[in-house]
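Data block below; observations after.
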Amino acid sequence: MARRGIPSSAINANMTPMIDVTFLLIVFFVVVSQIVDRDAVPLDLPAPTQAASGIPDSAEHVTVNLVPIAGGEISGIVVGGHTVAVDAMDELTSIVNTRLQGGATDVHLRADRATKYLYIHQAIEAIRAVGTSPRMQLVVDGEYR
Amino acid sequence: MIIRRRKAGTIGLNLTSMIDVVFLLLVYFMVATEFKTAEESFPMDVPIRNHGQTLALDNEPLVILVESSGVGEKEIRLRLEGPWDPISSLNALSTFLRSNKAGGFGNSGLFTENHPIRIKPTSDTRWEHAIATYNIVVGANYTNISLDEPL
């Protein structure tokens, strides 16, 4: 019986399944990273028990974030990449107005659970001053339902 | 002079550089990705305020006064403006709203579904307490809810 000689090539790992999985992971992260709402500032949102809230539809919106500091105060309002000072609500009105004219229909209001209502009301009044009565969405945490 | 014979190796693509780039991309996206948290919302209309002559309202709105008495979720004080019995908790408010709803169980209620309900927190009320009250009113299936100016 003739014995065949073992070829003298180097031993190689089979790369194909690893590349398959790696490409799948890349495609996953590329797709997921596009749906992140970059306008949203990380906040400890209120999470009411037995929430009757709903998932907001995917209408084009402008997000108004009230950035908290200690004691229920706020350091400013972040909207569309701009930071508005607490005492410059006219600026908030004009930014929201610009975004609404650009096609947005909803205004998402995000505030920390400890924020004083005084600042929430100031923000709501500034949005009301736009004059076109947009639909407002009061954003809450829906993770613990 | 000794001439070495070349090995008869197979022709193959060199995958090393491609794998380098692919892993760099993978690490980049893994680090750069932020997952969106599950957020929900309560829709609220913000009608334009009419400063001119206003017609009398058909229905006197039900005004719910809200105040935080502490930082806890349940540390909240509620009061109804008008000749109503005192309300001690969010559960009591829920019971009040559901039992006084026209067309509900027994059909003996006073408030229709679109009866105006105004939530009026104090300036220092925590947002979570204002939202908890809003949630109770929405949960009782009222549709005409607004957040009033602070007390």
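Residue by residue through the range A:114-145, note down the ones that are modelled with pLDDT under 90, facing another protein chain (nearest Cβ under 7 Å) and either under 13 Å from A:L45 (Cα atoms) or over 21 Å from the mean Cα position of the chain (by Cα) (or both). Hits for the range A:114-145 are A:R128, A:G131, A:S133, A:D141, A:G142, A:E143. For beta carbons closer than 9 Å, sequence separation of 6+ or different chains, a first residue in the range A:42-65 that is more than 18 Å from A:R99 (Cα to Cα) and a second that is exposed (fewer than 12 other Cβ atoms within 10 Å of the Cβ) and among the aromatic types (F, W, Y), the qualifying pairs are A:A47/A:Y144; A:T49/A:Y144; A:A51/A:Y144. From the list B:M30, B:M44, the one residue that fits, being within 21 Å of B:I119 (Cβ to Cβ) and either at pLDDT 80 or above or not in a loop (DSSP other than H, G, I, E, B) (or both), is B:M44. Residues that are part of a strand (DSSP E or B) and not basic (K, R) within the range A:121-140 comprise A:M136, A:Q137, A:L138, A:V139, A:V140, listed in sequence order. Restricting A:T16, A:T83 to residues that are out of contact with any His (no Cβ under 9 Å at 6 or more places or on another chain), among the polar types (S, T, N, Q) and under 30 Å from B:N135 (Cβ atoms) narrows the list to A:T83.
Being more than 11 Å from every other protein chain (Cβ to nearest Cβ), more than 17 Å from the chain's Cα centre (by Cα), crowded, with 22+ Cβ neighbours inside 10 Å and of a type outside the set (D, E, K, R) is the requirement here; does A:L92 meet it?
Working: more than 11 Å from every other protein chain (Cβ to nearest Cβ): yes; more than 17 Å from the chain's Cα centre (by Cα): yes; crowded, with 22+ Cβ neighbours inside 10 Å: yes; of a type outside the set (D, E, K, R): yes.
It is true that A:L92 is more than 11 Å from every other protein chain (Cβ to nearest Cβ), more than 17 Å from the chain's Cα centre (by Cα), crowded, with 22+ Cβ neighbours inside 10 Å and of a type outside the set (D, E, K, R).
Okay, residues lined up against (1) surrounded by 13 or more Cβ atoms within 10 Å (Cβ to Cβ); (2) in a loop (DSSP other than H, G, I, E, B); (3) at pLDDT 90 or above:
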| residue | (1), (2), (3) |
| --- | --- |
| B:L78 | yes, no, yes |
| B:D85 | no, yes, no |
| B:L97 | yes, no, no |
| B:N114 | no, yes, no |
| B:R118 | yes, no, yes |
| B:I136 | yes, no, yes |
| B:S146 | yes, no, no |
| B:L151 | yes, yes, no |
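Would you mention how many residues in the range A:104-113 are surrounded by fewer than 18 Cβ atoms within 10 Å (Cβ to Cβ) and within 8 Å of another protein chain (Cβ to nearest Cβ)? If you could, list the steps in order and put the result at the bottom.
From the range A:104-113, those surrounded by fewer than 18 Cβ atoms within 10 Å (Cβ to Cβ) are A:105; that's our starting set.
Restricting the remaining residues to those that are within 8 Å of another protein chain (Cβ to nearest Cβ) gives none.
Selection size over the range A:104-113: 0.
Residue check: B:L110 meets all listed conditions (1) buried (at least 17 other Cβ atoms within 10 Å of the Cβ); (2) over 30 Å from A:S58 (Cα atoms); (3) at pLDDT below 90 but one, namely (1).
The values are calculated or read from the model by the stated rules, or taken from the named source; none is laboratory data. Small disclaimer: the values here were computed from a predicted structure and weren't measured. Backbone-built Cβ (ideal geometry, glycine too); neighbour counts: all protein chains shown.
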